[in-house]
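Everything below concerns the one structure shown next.
The values are calculated or read from the model by the stated rules, or taken from the named source; none is laboratory data. Given the structure is predicted, the values throughout are model-derived calculations rather than measurements. Here the Cβ positions follow ideal geometry from the backbone for every residue, glycine too, while neighbour counts run over all protein chains shown. The area values use the complete protein model at the heavy-atom level, side chains included, leaving out ligands, DNA and RNA. Shrake-Rupley method; radii C 1.70, N 1.55, O 1.52, S 1.80 Å.
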Amino acid sequence: MLVLGIETSCDETAAAVVDSDGHVLADVVHSQVALHAPYGGIVPELASRDHLRNLRPVVEAALERASLGIGDIGGIAVTARPGLSGALLVGTGFARGLAYSRGLPVVGVDHLVGHLLAAFLRYDDVASAPPEFPFVALLASGGHTALYRVDGLELSQVQELGATRDDAAGEAFDKVGKLLGLGYPGGPVIDRLAREGDPSAIPLARPMKQSRSLEFSFSGLKTQVMRWVAENGAPKDDQTLRDLCASFQRVVVDSLVKKAVTAATGERVGTLVLAGGVAANSGLRQHAREAAERASLALVVPPLRACTDNAAMIAFAGSTRLARGEDDRFTLETSPHTALLQVTRKGRGRR
Ligand code: KG4
Ligand code: ZN
């Protein structure tokens, strides 16, 4: 079955066509980064209006790129949670309207489950193999950072091993980016600057270094950077800025990779999967590769376009339910919360 995926939960308007095996036939993303840049963060009202303006052309472009018409599509998968409420309503309203008018089934997808399953996407121009179950996934995005054991494609087969106690990793990148005047989102800019910086130039302590738990904490690290700036002033030259970015990134990456490898070995799985926007970070990708090799783990890192927000991961995440004949046409509701909050937490039962 060919699935049309629609994603409008935050600041990307995206549409994609994916088959049931995860083969991506078309993948179109319209970014709103330039629209929000002057405000230093996402303005929800502007996001909704821009999704309204762009969603139809983006869907049309995806169908055109796949050389398909809407008549070739077997079902629609749309992000229904979590996200900005107005932005989610634009996507789900559009998907429902299209489903009604074309007599198609539509299912609501959890954006974070989409991220978690992005490693299954197959692109014509990238050689890759899907991860084997069971695996441990590190999901690090702008609003969420956690480790999961994944035994299958269903939500009931996902178990949380540990999550952040405070800020998400992407949030830490963005807050430090803002603090250093690097604009929004800070993650990609810090990544670029860190490549030419010395990660040991500025001493920053790794959060929860002594703790054996699989939880993360990043807000204290952000405070360490704030304190450094308060004591030393804003970086006076380009090299100091690069060094500060590299030192900060090294600590975030160390923390993510150490706990991910501990989780994978503790769960006795053979595979570690990276997911979410922060998985686009070049330092994380490289460090994870080295650590996985040392621990004899297979590492699956989706291509960059599958890590950051896109609709192909939404289409694939919805395809199992669509293939079973499920349809949310009359029940589709949006929610600011992720369904992953309800997955079993190891040792604690269902939350
Ligand atoms: O998954 P995503 O695209 O959207 C959410 O669902 O949140 O993640 C966005 C987050 C932002 O915080 C952004 O700064 C971060 O991912 N990000 C990066 C990089 N690319 C995106 N962080 C570090 N390095 C990158 N290269
Ligand atoms: Zn995302």
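Filter the range 136-179 for residues that are β-branched (Val, Ile, Thr) and within 16 Å of ligand 2 (Cβ to nearest atom); which is surrounded by the most Cβ atoms within 10 Å (Cβ to Cβ)?
Here the residue is THR145.
Can you say whether SER247 is out of contact with any helix residue (DSSP H, G or I) (no Cβ under 8 Å at 6 or more places or on another chain) and buried (at least 20 other Cβ atoms within 10 Å of the Cβ), as far as the supplied structure shows?
For SER247, the condition - out of contact with any helix residue (DSSP H, G or I) (no Cβ under 8 Å at 6 or more places or on another chain) and buried (at least 20 other Cβ atoms within 10 Å of the Cβ) - is met.
So PRO199 passes all but one of these: (1) in a helix (DSSP H, G or I); (2) open to solvent by 20 Å² or more (accessible area, probe 1.4 Å). Which condition number does it fail?
Here PRO199 meets the rest and fails (1).
Open to solvent by less than 70 Å² (accessible area, probe 1.4 Å), hydrophobic (A, V, I, L, M, F, W, C) and over 22 Å from GLY93 (Cβ atoms), is that true of VAL28?
Answer is no for this residue.
Take the conditions within 16 Å of ligand 2 (Cβ to nearest atom) and either over 27 Å from PHE173 (Cβ atoms) or surrounded by fewer than 24 Cβ atoms within 10 Å (Cβ to Cβ) (or both) and apply them to VAL33. Does it pass?
yes
State the number of residues belonging to the range 93-115 that are open to solvent by 10 Å² or more (accessible area, probe 1.4 Å) and away from ligand 1 (no atom under 14 Å from the Cβ).
12
Of everything in the range 283-300 that's in contact (Cβ under 8 Å) with a residue 60 or more places away in the chain and outside any helix (DSSP H, G or I), which residue is surrounded by the most Cβ atoms within 10 Å (Cβ to Cβ)?
Filtering the range 283-300 for residues that are in contact (Cβ under 8 Å) with a residue 60 or more places away in the chain and outside any helix (DSSP H, G or I), the one surrounded by the most Cβ atoms within 10 Å (Cβ to Cβ) comes out as VAL300.
Pairs, please: C-beta under 7 Å, at least 6 apart or cross-chain, first residue modelled with pLDDT of 95 or more and in the range 81-94, second small (Gly, Ala, Ser) and surrounded by fewer than 21 Cβ atoms within 10 Å (Cβ to Cβ)?
Cβ pairs passing all conditions: ARG81/SER335; ARG81/ALA339; PRO82/SER335; GLY86/SER48; ALA87/SER48; VAL90/SER48.
Collect the residues in the range 121-134 that are of a type outside the set (Ser, Thr, Tyr) and surrounded by fewer than 22 Cβ atoms within 10 Å (Cβ to Cβ), keeping them in residue-number order.
So in the range 121-134, the residues of a type outside the set (Ser, Thr, Tyr) come out as 121-122, 124-127, 129-134.
Hits for the range 121-134 are ARG122, ASP124, ASP125, VAL126, ALA127, ALA129, PRO130, GLU132, PHE133, PRO134.
Which ones in the range 41-90 are of a type outside the set (Val, Ile, Thr), crowded, with 17+ Cβ neighbours inside 10 Å and more than 27 Å from GLY177 (Cβ to Cβ)?
The answer is LEU52, LEU55, ALA62, LEU63, ALA66, GLY75, ALA77, ALA80, LEU89.
Out of GLY183, GLY170, GLY162, GLY177, which single residue is farther than 30 Å from VAL343 by Cα and modelled with pLDDT of 95 or more?
The match here is GLY177.
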